[in-house]
Amino acid sequence: VTALRTAGGGRIELAVDGWMAEAAESDLAPLAELAAPVLDVGCGPGRIALALAAGGRATLGIDTAPAAVAEAARRGAPVLCRSVFDPLPGEGRWGSAVLLDGNIGIGGDPVALLRRVGQLLRRAGRVVAEVGAPGTPTERTAVRIEPRRGRPGPWFPWATVAADRFADLASVAGLVTERVADHDGRWFATAARP
Ligand SMILES: C[S@@+](CC[C@H](N)C(=O)[O-])C[C@H]1O[C@@H](n2cnc3c(N)ncnc32)[C@H](O)[C@@H]1O
């Protein structure tokens, strides 16, 4: 399996095969109520963006990895090759944003990421973030991708957030946590822009 290696020597397995597959029920159930338009931050090959768009919701996936964006576009997902920290269409008008598959780690500073997502949302817009189980590490770290074969990629900043630490971080970022719950063995936090 492809894995993320943390600077402290830890290992986070990446379900890359899962990302290429169709979105699973455990991905989509927590997103069922989300208001459109939906921004999928770090969309990878576009699994979630595709499923939401197929369900009739206006959706945009963004990702910084050109190969992932090209694959998402090939599959028909609405995508842009852009960082969440770059200027984006519809700033302040998104109904929802999603940070799945550990994407709360993007940029290595969850408060900065949630603050940025808050700027993108309209008032009462919501973000759904997948988080770690309660009691798992909440830390800023560096990771690199270690593929099954071939050389590891460069180190980049990353972070992990446990379910029981999410509300505090979201609050510093100006968001109000509405719900933290597990679904099918995964943990999801929902927070709103006041
Ligand atoms: C853990 S993977 C998630 C894959 C995807 N959510 C899926 O289900 O297919 C993290 C993704 O975030 C992207 N990413 C990293 N930094 C980013 C940034 N600043 N803005 C947008 N995407 C970013 C990476 O390129 C990678 O595709």
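The values are calculated or read from the model by the stated rules, or taken from the named source; none is laboratory data. On a predicted model such as this, the values are computed, not experimentally measured, just so you know. Here the Cβ is made from the backbone with ideal geometry for all residues, glycine too, and neighbour counts use every protein chain on show. These area figures cover heavy atoms from the full protein model, side chains too; ligands, DNA and RNA do not enter into them. Shrake-Rupley method; radii C 1.70, N 1.55, O 1.52, S 1.80 Å.
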Taking amide H positions as placed in the peptide plane 1.01 Å from N, state which residues far from G90 in sequence (5 or more) or on other chains have amide H under 5 Å from it. none
Percent of Cα-Cα pairs per 5 Å bin, from 0 to the last occupied bin, for the stretch 80-194, please list those. 2, 12, 21, 23, 18, 13, 7, 3, 1, 0
Distance between modelled label sites at A124 and R74, nm, 7 Å Cα→Cβ extension: 4.2
Please list, in order, the residues from the stretch 129-165 whose amide nitrogen is less than 14 Å from a point placed 7 Å along the Cα→Cβ vector of A7. 139-144, 155-160
Rounded to the nearest 0.05, FRET efficiency between R149 and L28 (Cβ-Cβ, R0 35 Å) equals 0.65
Given H placed 1.01 Å from N in the peptide plane, which residues other than close sequence neighbours of T136 have an amide H under 5 Å from its amide H? A163
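For S96, S171, S83, what's the largest-to-smallest order of accessible area, 1.4 Å probe? All intermediate terms of the calculation are to be shown ahead of the outcome.
Details: S96 0, S171 75, S83 25 Å².
In descending accessible area the options line up as S171, S83, S96.
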Quick check: net charge around V127, other residues with Cβ under 15 Å of its Cβ, Lys/Arg +1 and Asp/Glu -1? +2
R126 accessible area, assembled protein chains, probe 1.4 Å, Å²: 90
Mind giving me the nanometre distance, one decimal, between the label points for T136 and E91, set 7 Å out from Cα along Cα→Cβ? 3.2
Taking amide H atoms as placed 1.01 Å from N in the peptide plane, list the residues 5 or more away in sequence, or in a different chain, whose amide H sits under 5 Å from that of T177. A192
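Relative to the Cα centre, what is the charge dipole magnitude of the stretch 88-184, using +1 at the beta carbon of each Lys and Arg, -1 at the beta carbon of each Asp and Glu, and rounding to the nearest 20 debye? Can you show the working numbers first?
Working: 13 positive and 11 negative charges, 86 e Å.
Value, rounded to 20: 420 debye.
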Just to confirm a number: summing +1 for Lys and Arg and -1 for Asp and Glu over residues other than G107 whose beta-carbon lies under 13 angstrom from that of G107, what do you get? +1
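For every helix of n ≥ 4 consecutive DSSP H residues, a contribution of -39,500 (n - 2.57) applies; sum these over the chain, divide by its total residues, and give [θ] at 222 nm rounded to the nearest 500 deg cm²/dmol. Numbers along the way, then the final one.
Values: 6 runs with 44 residues, N = 194.
It lands at -6000 deg cm²/dmol.
Carbon-plus-sulfur fraction of the accessible area of the stretch 31-138, 1.4 Å probe, in percent? Before the final figure, lay out the partial values.
Numbers: 2310 of 4180 Å².
The nonpolar share, carbon plus sulfur, comes to 55 percent.
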Quick one: what are the phi-derived ³J(HN,Hα) couplings along the stretch 78-88, Karplus 6.51/-1.76/1.60 with θ = phi - 60°, whole Hz, x for glycine and proline? x, 9, 10, 8, 7, 7, 4, 8, 7, x, 10
Inter-label distance for E178 and A58, nm, one decimal - labels placed 7 Å from Cα along Cα-to-Cβ: 1.9
Please give the per residue accessible area of the chain, computed with a probe of 1.4 Å over protein heavy atoms only, in Å². 48
Could you state, as a whole-number percent, how many of the C-alpha pairs of the chain are farther apart than 21 Å? 48
